[in-house]
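Heads up: the structure comes next, in structure tokens.
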Amino acid sequence: MSLVPTVCDPNPSLLPDENHVPAFELREVSFAYPSDGDGGAHVLKGASMKVPEGAFVLLVGGTGSGKTTCLRLAKREVAPAGNLKGSVLVFGHEVRTLGELASSQLVGYVFQSPDNQIVCDTVWHELAFGLENLGLDQQETHRRLAEVCLFLGIEGLFRKRCDELSGGQRQVVALAAVLAMRPRLLLLDEPTSMLDPVAEKEFLSLLFRANRELGLTVVVATHEPQPMVDYATCAFGLEEGVLAEVSLSALRTRPALDLSMARVAPMTQHARERLLDDVWVRYERSGPWVLRGCDLLLGTGEVRAIVGGNGSGKSTVISTIAGVVKASRGKVGRRYRGRQALLPQQPKALLGCETVREELMEWSAAGGYGESEVVAALERLGLTGCSERHPYDLSGGQQQLLALEKLLLMAPELLLLDEPTKGLDGASRTLVAERVNELASQGRTVLVATHDMAFVKAVAHGVSLLFDGRLGETEETETFFEHSWMWRA
Amino acid sequence: MWRASFDKWHPMVPVAYSAGIIALAMFGICPSCVGVSLAGGLLFLLLTQGVRAALAKLRWQLPLLLLICLINPLYSAMGSTLLCKVGPFRVYTESLAYGAVMGALLVSVLLWFEAAASVVGQDEVMELGGTLLPSVTLAVSMVMRLVPQLVRRARDARTVAEVTVGRRHGMNEALRILGVLLAWSLEDSVERSDSMRARGWGAGVRRHVYRSHLVRRRDVQALLLLILLFALSAFGVSRTLLGWRFYPRMQGTASPALLAPYVLLALLPSLALLADRLGGKERP
């Protein structure tokens, strides 16, 4: 690693002159979280970088690589507590001495979760929240709200309630709420990892416009750089606390999933079970149909993927088979009732115990398993040393795998997975994929609803496409991708 | 069916009206006053929700009225005109009438509450509270979002366990769900508070509240007019009440002149709707 600060190559048309103060600069920054030991492990080790004004920078690295720490150091209000050496500069100002008000005006920060960062119940109130905090008068607030809505094209959402919006729209509202404060540097921490691919592209194109048309400096921390490489002017990689510039073309060709284990061929296919037979579902009496004449045949020992757009009803298919949602018309097969398990989109819905071990032991009476099975499960998870930790202290990927393992202890014959890779980085997605392949090799039946096509390629034997409330004819995974127009690549 | 639309007025106008009419409807315990408020409330219900919805409401409200009417004689055996004896109970006309008036009053108050809810939304209340208590308003806004979220999550946590280990009930299950929700909410609140601070919450500036409605001259005029009408109505209602008694014998008269302001007040929202409708287009 060189000690000379790496300056990324900016878009020349956007840079006023060479001596311009960088929007964001790290000078020999080392950072360690406080711990009881000898100063704790270093999250950043002598990191240096310069981000010129108007740049669109990617900060790439896996979970726990220090991306978030790096971003948060530049935002005083959310900066982590710990041992910081070196200087962090924003437009030439040392962040530590910047006032809170100045920092909140100069630097914007968008978080990962569309749910958690929304504060108010209505969109207009959410957009006005930051401006109210700045103490702006009516006239100025009105102008800024108007402009941010016009710029992003979200006037139609202004009077809506935040809960009515889709995840993608909510994330755009979160972006708008920050942009309304007119920051000059915008930091985003995994802003699209919870979004489906279409919503992700929409979000990124808006972000790109803010960058190019308004001259806003953008730094995005991500573990999945591929969708945004084309917008970026440069990229930095973070690995074990070491920061180095990486070429954009290298990021373009990075494989999405790195599987050491090939997909398992289906065990001998027994009879195919009809799980859905002309099923119609809607959530309100006079509401629109979510499923309209939906059929599903599932072979024993098969791993089947259900793919489809956002809001196409993938989760409804899963919930209907699980028996959580009642069909208004049609028959739902009951072959697996009592011998099935459901992994929800949010693994936190499954985790409520104090420690990882207790979590796995929770259903031991109902599932007829004991201490030895739990020890084996901990070993599979690689969490033997962490059995007394709180589940929430694990990373998102570990939480997902823990929730999955908790279900598997119940030895279900049918496993229903709803978006099992949502928000996970490449390494964690690979682990989930390998675990599903392992289950397939044991002959378990798995139904997975997902928009993660790399994951589908890695695990599924067959793919069913959900559209207009109906599942199309199931195809083998290879055939499906060969015949596909948008997912062929 | 006409949409109750008062959103061209500043929220303080419909809020003041609702508060006033509900107060008057609650205190006017005499047949003529209750008659006025019931008629006003019913007319508004009919205009805004249509005959069918109004009938559906009355289907449970009328039995309620009847029930109160019949129960009252059992509690208060007062009056002078004995109607009949039911076992140990003596039923007097006066006592029955008092029950009927109380029942009608309750129904009319319910109607006005419903009318208020259809006209005054949560946004309007927030708007009024925002100027006085900005932090409380923000807290209310957050609660309005978080409570439904909590309910959804509780349902998710329950169904996920239900699918996998079967339906379970009782204290243990409730405690388990509570544990899930508590950990989940605490975790979320960390990110939410970061998101608030990142947008300048607590940066030491006096918060200004953004108001999406402006107070205009006509709002002030309407409010003054309302206050005048309320004062006249309250005077009329109280005089009528003083001149009326149920026991021992129903006595008193209602002077139309005294109650005229109250009649006008009770009909005001319906008249406004009618004027809108007959005017053909939205008035400025």
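Points worth noting:
- A:Gly82 vs. criteria touching a strand residue (DSSP E or B) at 6+ places or on another chain (Cβ under 7 Å), open to solvent by 10 Å² or more (accessible area, probe 1.4 Å), among the small types (Gly, Ala, Ser) and more than 11 Å from chain B (Cβ to nearest Cβ): yes
- Residue that is surrounded by the most Cβ atoms within 10 Å (Cβ to Cβ), among those in region A:322-352 that are out of contact with any strand residue (DSSP E or B) (no Cβ under 7 Å at 6 or more places or on another chain), in a loop (DSSP other than H, G, I, E, B) and aliphatic (A, V, I, L, M): A:Leu351
- Among the residues of region B:62-92, those that are in a strand (DSSP E or B) and open to solvent by less than 90 Å² (accessible area, probe 1.4 Å) comprise B:Leu82, B:Cys84, B:Val86, B:Phe89, B:Val91, B:Tyr92.
- Total residues in region B:228-251, condition of a type in the set (A, V, I, L, M) and free of Cβ contacts under 8 Å to residues at least 12 places away in the same chain: 3
- Of the numbered criteria (1) open to solvent by less than 20 Å² (accessible area, probe 1.4 Å); (2) within 11 Å of chain B (Cβ to nearest Cβ); (3) among the aliphatic types (A, V, I, L, M), the one A:Ala366 fails is (1).
- The condition of being among the β-branched types (Val, Ile, Thr) and within 19 Å of A:Thr63 (Cβ to Cβ) does not hold for A:Thr450.
- The strands (runs of 3 or more DSSP E) found wholly in region A:398-489 and carrying at least 1 residues that are within 30 Å of A:Asp189 (Cβ to Cβ) occupy A:414-418, A:445-449.
- Region A:285-296 residues that are on the phi > 0 side of the Ramachandran plot and small (Gly, Ala, Ser), paired with ones that are assigned to a strand (DSSP E or B) and surrounded by 10 or more Cβ atoms within 10 Å (Cβ to Cβ) (beta carbon under 9 Å, 6 or more apart): A:Gly293/A:Asp278; A:Gly293/A:Val279; A:Gly293/A:Trp280; A:Gly293/A:Arg329; A:Gly293/A:Gly330; A:Gly293/A:Arg470
- The set of residues in region A:122-142 that are more than 7 Å from chain B (Cβ to nearest Cβ), open to solvent by less than 10 Å² (accessible area, probe 1.4 Å) and not aliphatic (A, V, I, L, M) contains only A:Glu126.
- The condition of being in a helix (DSSP H, G or I), under 24 Å from B:Met142 (Cβ atoms) and not small (Gly, Ala, Ser) holds for only one of A:Val198, A:Val173, that being A:Val173.
- Residue count for region B:93-120, restricted to those that are under 24 Å from B:Leu42 (Cα atoms), open to solvent by less than 30 Å² (accessible area, probe 1.4 Å) and not hydrophobic (A, V, I, L, M, F, W, C): 3.
- Pair list, Cβ under 8 Å, 6 or more apart: region A:235-256 residue more than 17 Å from A:Val220 (Cβ to Cβ) and open to solvent by less than 40 Å² (accessible area, probe 1.4 Å), other residue among the aliphatic types (A, V, I, L, M) and assigned to a strand (DSSP E or B): A:Gly241/A:Val43; A:Gly241/A:Leu44; A:Gly241/A:Ala47
- Residue under evaluation B:Trp60, criteria (1) over 29 Å from B:Ser95 (Cα atoms); (2) in the same structural domain as B:Leu111 (by TED's automatic domain parsing), criterion not met: (1)
- Subset of region A:223-234 [outside any helix (DSSP H, G or I) and either more than 20 Å from the chain's Cα centre (by Cα) or at pLDDT below 95 (or both)]: A:His223, A:Glu224, A:Pro225, A:Thr233, A:Cys234
- Residue match in region B:215-222 (condition: among the basic types (Lys, Arg) and assigned to a loop (DSSP other than H, G, I, E, B)): yes
- Scanning region B:187-217 for residues that are at pLDDT 90 or above and more than 7 Å from every other protein chain (Cβ to nearest Cβ) returns B:Ser189, B:Val190, B:Ser193, B:Arg217.
The values are calculated or read from the model by the stated rules, or taken from the named source; none is laboratory data. Treat the numbers as computed from the prediction; the structure is a model and nothing was measured. FYI the Cβ positions are ideal-geometry reconstructions off the backbone, even for glycines, and counts take in every protein chain you see. Accessible surface areas use protein heavy atoms only, side chains included; no ligands, DNA or RNA. Shrake-Rupley method; radii C 1.70, N 1.55, O 1.52, S 1.80 Å.
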